[in-house]
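Peer 1: Below are the structure tokens for one structure; questions will follow.
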Amino acid sequence: MNLQALYDLKDRLEHAAIAGTGLLQEDFRLKRSVEALAPLAAASPVFAKIAAATQSLLAAPAEERGRKLLDVLSLINAVVYTQGTVTVPGELQPLEIQGGAYVQASYGQLQPLLAALGGTGSGRMAQIKRYWEDHPEYFRDFRVLPYVIRTLGDPYGELCDLISHILQSMGSDVLPLLKEGFDGKGKREMVRRVQLIEAIAGARENDFYLSELESAEKEVRCALIYALRHEESNAQKLVELCQTERSGPKKYAHWALAKLESDIAWEYWETLAQKDLKQAASYMTLGNILGGMLCCVGLT
């Protein structure tokens with residue numbers, strides 16, 4: 001049903017309310033709007049009531065027009081509001097489900113925490129720690145959690161350690177956000193994301209480690225390689241990496257392989273020991289030491 005005639009009538013009546021009811025009889029546009037409403041009045045009792053009320057307004061004595069005008073406008077507005085719609089161009093897309101939950105806290109309550117997480121300078125560490133002690137639920141809020149994730153890239157290492165502890169305590173709920181926007185060519189933040197993902201999920205995210213490894217570089221590549229130690233089936237992949245990688249990634253491949261019990265792993269160590277016993281012992285020893293260090297800080 002085309003309601004343009006109703007909207008035109010509403011516009012003319014609002015104009016009359018501003019210009020004054022004394023000019024109603026001279027407003028030819030208003031009379032046209034009333035005439036254009038006739039098809040709608042014939043189709044619906046509601047529009048018939050609006051048409052009748054408007055005709056009564058036009059025929060009313062001057063002293064009654066103000067009250068009748070308000071009555072007609074109130075009726076029209078009530079109908080118009082029920083027909084209201086909002087549209088935007090484009091196709092409807094399903095809402096993407098992300099991590100986080102709704103916490104019953106106003107933005108005013110969360111704002112100091114958001115400012116501390118997204119800000120710079122001293123004093124933020126103590127403020128964030130107080131919030132964690134007094135309101136740990138705030139950190140799970142969908143408005144706060146993205147800021148918490150981004151703080152993993154903060155240059156202040158002690159703050160990053162606190163944030164890592166907070167995120168790890170949330171468990172698998174934060175995994176989607178840790179993987180969202182992951183950049184294998186990124187810097188320290190991405191390294192910490194990998195460490196948190198493997199600390200929370202271990203072998204369950206093995207497909208993630210392998211897929212991101214294809215394009216990862218530098219420290220992020222090292223972290224992804226070391227995460228392969230959680231799954232025994234990665235032994236052959238790690239042996240290949242031990243043979244093809246260079247520098248840091250090569251070391252991490254050996255350290256990860258040292259955590260596996262696979263026959264493939266032991267065959268590699270036996271072969272390496274025959275060639276260079278000192279190097280084999282060094283890799284295996286440092287691999288166990290590194291695993292112990294990560295265990296101590298709660299990231300394994």
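Peer 1: Of everything in region 22-57, what is surrounded by 19 or more Cβ atoms within 10 Å (Cβ to Cβ) and more than 16 Å from residue 7 (Cα to Cα)? Give them in sequence order.
Peer 2: Scanning region 22-57 gives 24, 57.
Peer 1: Something else: Consider residue 210 against the criteria (1) crowded, with 18+ Cβ neighbours inside 10 Å; (2) at pLDDT 95 or above; (3) of a type in the set (A, V, I, L, M, F, W, C): it satisfies all of them except one. Which criterion is unmet?
Peer 2: Of everything listed in (1) crowded, with 18+ Cβ neighbours inside 10 Å; (2) at pLDDT 95 or above; (3) of a type in the set (A, V, I, L, M, F, W, C), residue 210 misses just condition (1).
Peer 1: Counting only residues that are among the acidic types (Asp, Glu) and without any contact (Cβ under 8 Å) to a residue 12 or more places away in the chain, how many does region 230-257 have? Step through it out loud before you land on a result.
Peer 2: Taking region 230-257 first, the residues among the acidic types (Asp, Glu) are 231-232, 240, 245.
If we keep only those that are without any contact (Cβ under 8 Å) to a residue 12 or more places away in the chain too, we end up with 240.
Qualifying residue count for the region: 1.
Peer 1: Hey, among the residues in region 55-95 that are modelled with pLDDT of 85 or more and of a type in the set (Ser, Thr, Tyr), which one's farthest from residue 18 (Cα to Cα)?
Peer 2: By that ranking, first place goes to 56.
Peer 1: Related question: Testing residue 115 on (1) more than 17 Å from the chain's Cα centre (by Cα); (2) exposed (fewer than 14 other Cβ atoms within 10 Å of the Cβ); (3) closer than 23 Å to residue 175 by Cβ; (4) not acidic (Asp, Glu), one condition comes back false. Which one is that?
Peer 2: Only one criterion is unmet by residue 115, namely (3).
Peer 1: Sticking with this one: Give me the helices (runs of 4 or more DSSP H) completely within region 140-246, filtered to those with at least 3 residues that are closer than 30 Å to residue 104 by Cα, ordered by residue number.
Peer 2: Numbers: elements: 145-150, 157-169, 175-179, 188-201, 206-213, 218-227, 235-244.
Helices (runs of 4 or more DSSP H) meeting the threshold: 145-150, 157-169, 175-179, 188-201.
The values are calculated or read from the model by the stated rules, or taken from the named source; none is laboratory data. All of these numbers come straight from a predicted model, not from anything done at the bench. Every residue, glycine among them, receives a Cβ derived from its backbone with ideal geometry; neighbour counts consider all protein chains shown.
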